[in-house]
1. If you go through the range 248-259 one residue at a time, how many are buried (at least 17 other Cβ atoms within 10 Å of the Cβ) and over 14 Å from residue 390 (Cβ atoms)?
2. When only residues in the range 270-285 that are more than 11 Å from residue 248 (Cα to Cα) and touching a residue at least 40 places away in the same chain (Cβ under 8 Å) count, which is farthest from the chain's Cα centre (by Cα)?
3. Name every residue in the range 205-220 that is modelled with pLDDT under 90 and outside any loop (DSSP other than H, G, I, E, B), in order of residue number.
4. Only one residue in 133, 151 is part of a helix (DSSP H, G or I) and among the acidic types (Asp, Glu). Which one?
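The values are calculated or read from the model by the stated rules, or taken from the named source; none is laboratory data. All of these numbers come straight from a predicted model, not from anything done at the bench. Here Cβ is always computed from backbone atoms with ideal geometry, including for glycine, and neighbour counts include all displayed protein chains.
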Amino acid sequence: MLGIPDVKKKLLGLFQRRHPGWLMSLGDSLPPPDFPLVLSLKPPLEKEVLGAQEAVRSWIRSWRELDPALGEVRWFDVKWRYLGEQRLPRELVLPDPESVVRHLELSRGWREALRRYGRAAELFPQIKESFAESRHELFEMGRDDFERLLETAAWLVRNPRSGLYPREIPVSGIDSKWLETNKRAVSSLFHKLAGADSSSGDFHERLGLKKPPSLARLLLLDQSLRETAGGLRDFAASAEELGKLRMKPELIVIVENLQTGLSFKDIPGAVLFLGLGYKVDLLGRLPWLDGIRALYWGDIDTHGLAILSRARGYLPRLKSALMDTETFLSHRPLWGRENTPWTGTTPANLTPEEEDLFLGLRSGRWGENLRLEQERISWDTAWPVISRAAEERAS
């Protein structure tokens, strides 16, 4: 026996799979597929009723009292050996999609989806079939956001290489914050309209927009270096701007944790980069780093070692500090979990010792997904090690 909750569950699955076709048909004033929709209520046999008569009476009553707006219940008569003549509900007939959404209590959302589909089909008839599958845009976006989405996508298609910052797009209500919040919907609609790949490459590049520069924060740990930058010790700038600096440091140090970096004292001839993560690529765009000694101290986890390898691709003389197996094992009580370990191949630019540590972490040699964050190592332990490493004259 299928009760009303069971039918709702079946209708929800059907709606999720088939509503795009219903939208397209109704949008073109055609009869929607699947209708009239006939669902068997799976009436019971006599032997099933004998053991559950009260439950069956309740089931019959629920279908007898069904609101006619939710569909037509078809009945049939049966004459049983022990229970005699009975009248049972056999199937539910739903004449149109509106009766389905009434069951699911989605009538208001469905009407809005129909309106949105009609609006999009009017503006962009070439993509109406694929747009009918845009569940988020049709059912979940705010109404104002949906209108902005259509206007923004239309403008981007007309201006595929505008070279503007998002703030400059001449659409009412559009700014960088809105675009960041709705980037998936914008990218998807632009892809449908322009045939661009919505998953590969940079979001701004795909849309022909100018990407805000990625800033690097650095500390100049030497007074003579600070004099070349107007006396600044701590500042952030784009790679393009940093490349214009006229200084010749003897050493660069890279750390990931902000508080760790801010704790550094002056080191003769040194520049400290803070929190680059995978943005270490920008180091390759700074001509004053060519051939320089370099020191990297990051978290002991698979990503930390992958970043170390990546940075060494730009800085061949790069050495690591406090990123060895001995340091890791000696801080066992301070271990944490790496929620999303590195999934790529083994990084190519690690030393044999670093690679062994990487493989040990990834294979779970000491436990699953373990990590040691650099800030967990006490400053009294870390600073002497960093100071000695900075003073070493590597070849």
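1. Of the range 248-259, the ones buried (at least 17 other Cβ atoms within 10 Å of the Cβ) are 249, 251-257.
Cutting the leftovers down to over 14 Å from residue 390 (Cβ atoms) gives us 256-257.
Count: 2.
2. 272
3. Selection gives 205, 206.
4. Working: 133 fails: part of a helix (DSSP H, G or I).
The match here is 151.
One line per residue, one yes/no per condition, for (1) in contact with a Cys (Cβ under 6 Å, 6 or more places away or on another chain); (2) touching a residue at least 60 places away in the same chain (Cβ under 8 Å); (3) over 28 Å from residue 266 (Cβ atoms):
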| site | (1), (2), (3) |
| --- | --- |
| 344 | no, no, yes |
| 367 | no, no, yes |
| 371 | no, yes, yes |
| 379 | no, yes, no |
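Each row is one residue, and each column tells you yes or no for (1) under 12 Å from residue 323 (Cβ atoms); (2) modelled with pLDDT of 95 or more; (3) out of contact with any strand residue (DSSP E or B) (no Cβ under 9 Å at 6 or more places or on another chain); (4) surrounded by fewer than 15 Cβ atoms within 10 Å (Cβ to Cβ).
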site	(1), (2), (3), (4)
349	no, yes, no, no
354	yes, yes, no, no
358	yes, yes, yes, no
364	no, yes, no, yes
368	no, yes, no, yes
372	yes, yes, no, no
378	no, yes, yes, yes
389	yes, no, no, no
394	no, no, no, yes
